[in-house]
Structures are given as C-alpha cells and as structure tokens.
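To keep things clear, I will list the structure first and then write my remarks on it.
The values are calculated or read from the model by the stated rules, or taken from the named source; none is laboratory data. The structure displayed is predicted, hence computed values, not measured ones. No Cβ is skipped: glycine too gets one built from the backbone with ideal geometry, and neighbour counts run over all protein chains shown.
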Amino acid sequence: MNAPSNKTIVVLGGGFGGLEFCRSFRHPRARIILIDRQNHHLFQPLLYQVATAGLAMPDIAKPLRSILSGREHIQVLMKEVRAVNIEERRVDLDDCAIAYDHLVLALGAVNHYFGHPEWRHHAIGLNGASSPPSSSSVEGRPGWRWRARWPS
C-alpha cells in the first residue's frame, strides 16, 4: 500500500486570519506556504498609537518569519500574487507559479465608508505601516489645530 503524499496548503495573506491558520493548523503531512506582499504582520488595532507617537512602528510590526519560526513545515514568501487559477489549483506570482492542494484566502480588509465613497476624502484611514497619516493629510481637518496647540 502506498503512503499518502504530503499536501500543499497555500495561504494568501499574513494578517490575523492567515497567521492564525498557520499557527493552529497542524498535520504531519501538510506543507504550508504563506504568501504576503509585506514582510511583516502589522497589529492594526494599535496603529493609532503609532500615528499619535505613543508607540514606534517596530512595537506593532513583526517579521512573519520570526512569528512562525520553529515551524519547519511552513515556508514564508514575500511575493505579489498575480492570479489564482482555481481549476488548475495554481497561484501565479511575479516570477513563478505554485501548485496547491488547498487554498486559504485571508487577504485582509479595506476601509469601509458605509455606502458613502465621498467620505474617503474627509476621513483618515489607518491601514498599514506604509501609509500612516502625515501632518499634510490631517492639517486643516477638525481637531488638528486643537492637537497642535495642546501643551506637552
């Protein structure tokens, strides 16, 4: 009788969902490939602390490889996904394609404006480390002058 082959599980996204899957799923014949375009996991609930200088970015962003270190069955790739071919069970990346047996989509979230896309121009979104609010993005908005004059 043939031994069962290893299964490849591709996880797209290194946020809360993708990391939780990688940390909790354990099977002796599973090989997990985590793909994210960023090299780090960002703890977004504390992003406002970085925006207000309460914390530094390294306090809330950790490298994916260090979070998952010690797990030999997990490979982390910093790549951009170009396409997912469900019929062929393949994820196309910039420079290669990866075949999978199972696919986990944990691609994160976007800001939601409750059916009012015009609010985007008046609201400051906190999505990631690459786009924290700057003084030019908040200057002239309500509350900016109050914060600027608040004594230290």
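Taking the range 48-152 as the region of interest, the strands (runs of 3 or more DSSP E) fully inside it that hold 3 or more residues being modelled with pLDDT of 95 or more and either of a type in the set (Val, Ile, Thr) or touching a helix residue (DSSP H, G or I) at 6+ places or on another chain (Cβ under 9 Å) (or both) are 74-78. If you go through the range 1-18 and pick out every residue that is touching a His at 6+ places or on another chain (Cβ under 6 Å) and either closer than 23 Å to Glu88 by Cβ or part of a helix (DSSP H, G or I) (or both), you end up with 1. You will find that of Leu42, Leu47, Leu55, the residue that is of a type in the set (A, V, I, L, M, F, W, C), farther than 22 Å from Asp101 by Cβ and surrounded by fewer than 16 Cβ atoms within 10 Å (Cβ to Cβ) is Leu55 and no other.
Does the range 53-74 contain any residue that is in contact with a Leu (Cβ under 6 Å, 6 or more places away or on another chain) and β-branched (Val, Ile, Thr)? Yes, some residue in the range 53-74 is in contact with a Leu (Cβ under 6 Å, 6 or more places away or on another chain) and β-branched (Val, Ile, Thr).
Phe21 meets each of the listed conditions (1) surrounded by 16 or more Cβ atoms within 10 Å (Cβ to Cβ); (2) at pLDDT 90 or above; (3) farther than 17 Å from Leu105 by Cα apart from (3).
A quick yes/no check of all residues on (1) within 13 Å of the chain's Cα centre (by Cα); (2) more than 22 Å from Thr8 (Cα to Cα); (3) in contact (Cβ under 8 Å) with a residue 24 or more places away in the chain:
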residue	(1), (2), (3)
Ala51	no, yes, yes
Ala61	yes, yes, yes
Ser66	no, no, no
Arg71	no, no, yes
Val76	yes, no, yes
Asp95	no, no, no
Ala99	no, no, yes
Leu107	yes, no, yes
